[in-house]
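Take a look at the structure set out below.
The values are calculated or read from the model by the stated rules, or taken from the named source; none is laboratory data. Computed from a predicted structure; not experimentally measured. Positions of Cβ are backbone-derived with ideal geometry, glycine not excepted, and every protein chain shown enters the neighbour counts.
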Amino acid sequence: MNTKHAFRGPWSIGRVEIQNRVVLAPMAGVTNIAFRVIAKRFGAGLIYTEMVSDQGILMKNSRTLIMTTVHPEERPLALQLFGGDAGRLAEAARYIDAHTDADIIDINLGCPAPKINKIEAGAKWLLSPERVYDLYRTVRQAIRKPLTAKIRLGWDDAHRYYLELAQAIEEAGGDAIAVHGRTRAQMYEGQADWRAIAEIKARARIPIIGNGDVRSPEDARRMIEETGVDAVMVGRAALGNPWILYRIARYLEHGERLPEPTAREKIALALEHLDELIKLKGERVGVQEMRKHAAWYLKGLRGASRFKDEAQQAETREEMRRTLLSYEEAECIETSLA
Ligand SMILES: Cc1cc2nc3c(=O)[nH]c(=O)nc-3n(C[C@H](O)[C@H](O)[C@H](O)COP(=O)(O)O)c2cc1C
């Protein structure tokens, strides 16, 4: 392997040490504590929470505060905040700094959702490196934990300020930046621009985490080779497939190619995920949330489409379990006939 780049081994953000180069992306509605603990077991070196509202924290909203709970097994953990005002974000960060076991505080500077941008939050920050500089100065002064940013390349093709943004974050005391190689206007379309990520990395003194379109161990290695990033962040490829995390980690560390999970392994993990979600949210909401995960676990499995549809109708733990188990049974019968 190319030795110019670091594929393995501990690295750090501030004083937080991270054991490998694989990072689980923040995903709203997905990376709650149930999925995060699973992802940790499956080898992610660093894990991000879903984005958490600064307002919710300041109002002591009970559902928001539950989102700030940290499981000892998932550390090191980066807790992501979103908000549109530096003073309020600093107050919320101060709360997280003092009252939770999160290791790193991250701010979302990339969310493209209109209702988030309307409150000046998420990707709206990308339009003003000066505002971002003030934000990072303000939050840095309020907290002791490492402070990071997750950015996109810009608002749209006419406003790609990624170099200025990265410089502002670093100069104002940010400790690392995760870069999703798309603009807000691209949403999740087109190909992530890894060349822009390489430009940021070439100028930065703080760690840069590359993000966008890493779907396989080979992609992860190529991203590090092409951009020089300190770690790769994986989002959609881990949905229903946390195996990708350790398959990437092992490939980066030892060049070893591990097999994809079997259908049986996927179903077993889906059942466990279901119970973790129910523990966290209660049966009704847990099962509702499990519907999308069930579709992701079943994605690409032979003959699964009928069961995916059935999972969307499940209302109770029993119904969801029955659907998943009946897929397993059907799959096994078919395999044994094959
Ligand atoms: C369902 C979903 C929810 C997401 N929620 C967040 C979020 O809360 N905060 C954030 O910074 N990015 C969020 N993202 C973006 C991802 O973190 C990541 O940047 C993006 O999916 C690109 O990486 P990928 O190609 O590996 O999926 C979300 C993406 C998805 C698919």
> List the pairs whose first member sits in segment 212-225 and is of a type outside the set (Asp, Glu), whose second member is within 9 Å of the ligand (Cβ to nearest atom) and assigned to a helix (DSSP H, G or I), and whose Cβ atoms are under 7 Å apart, counting only residues at least 6 apart or on separate chains?
Replying inline: 214/237; 215/237
> Within segment 284-298, is there a residue that is buried (at least 23 other Cβ atoms within 10 Å of the Cβ), among the β-branched types (Val, Ile, Thr) and out of contact with any Cys (no Cβ under 8 Å at 6 or more places or on another chain)?
Replying inline: yes
>> If I filter segment 70-88 for residues that are under 18 Å from the mean Cα position of the chain (by Cα), of a type in the set (Asp, Glu), assigned by TED's automatic domain parsing to the domain that holds residue 125 and more than 15 Å from the ligand (Cβ to nearest atom), do I get at least one hit?
In response: yes
> Which one of these is surrounded by 15 or more Cβ atoms within 10 Å (Cβ to Cβ), under 21 Å from the mean Cα position of the chain (by Cα) and away from the ligand (no atom under 15 Å from the Cβ): 239, 269?
Replying inline: 269
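Examine segment 155-168 for a residue that is within 15 Å of the ligand (Cβ to nearest atom) and on the phi < 0 side of the Ramachandran plot, and state whether such a residue exists. Walk me through how you get there before you give the answer.
Kept after step one, since they are within 15 Å of the ligand (Cβ to nearest atom), are these residues of segment 155-168: 162, 165.
This time we only want the ones that are on the phi < 0 side of the Ramachandran plot, so: 162, 165.
Yes: segment 155-168 contains one or more residues that are within 15 Å of the ligand (Cβ to nearest atom) and on the phi < 0 side of the Ramachandran plot.
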>> For the list (1) assigned to a strand (DSSP E or B); (2) farther than 30 Å from residue 279 by Cβ, I need the number of the one condition that residue 150 fails.
In response: (2)
>> Take residues that are out of contact with any Phe, Trp or Tyr (no Cβ under 8 Å at 6 or more places or on another chain) and tell me which of the helices (runs of 4 or more DSSP H) falling wholly in segment 7-94 contain 3 or more.
In response: 33-41, 62-66
>> Here's a check for you: in segment 211-234, which residue that is within 13 Å of the ligand (Cβ to nearest atom) and out of contact with any strand residue (DSSP E or B) (no Cβ under 7 Å at 6 or more places or on another chain) is nearest to residue 177 (Cα to Cα)?
In response: 213
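Only one residue in 302, 257 is at pLDDT below 95 and among the basic types (Lys, Arg). Which one? Step through it out loud before you land on a result.
Numbers: 257 fails: at pLDDT below 95.
Going through 302, 257 in turn, just one is at pLDDT below 95 and among the basic types (Lys, Arg): 302.
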> Of the residues that sit in segment 39-69 and are over 25 Å from residue 241 (Cα atoms) and either surrounded by 24 or more Cβ atoms within 10 Å (Cβ to Cβ) or among the charged types (D, E, K, R) (or both), which one is nearest to the ligand (Cβ to nearest atom)?
Replying inline: 54
> Since residue 182 meets every condition but one in (1) buried (at least 16 other Cβ atoms within 10 Å of the Cβ); (2) among the charged types (D, E, K, R); (3) closer than 22 Å to residue 249 by Cα; (4) within 12 Å of the ligand (Cβ to nearest atom), which condition does it not meet?
Replying inline: (3)
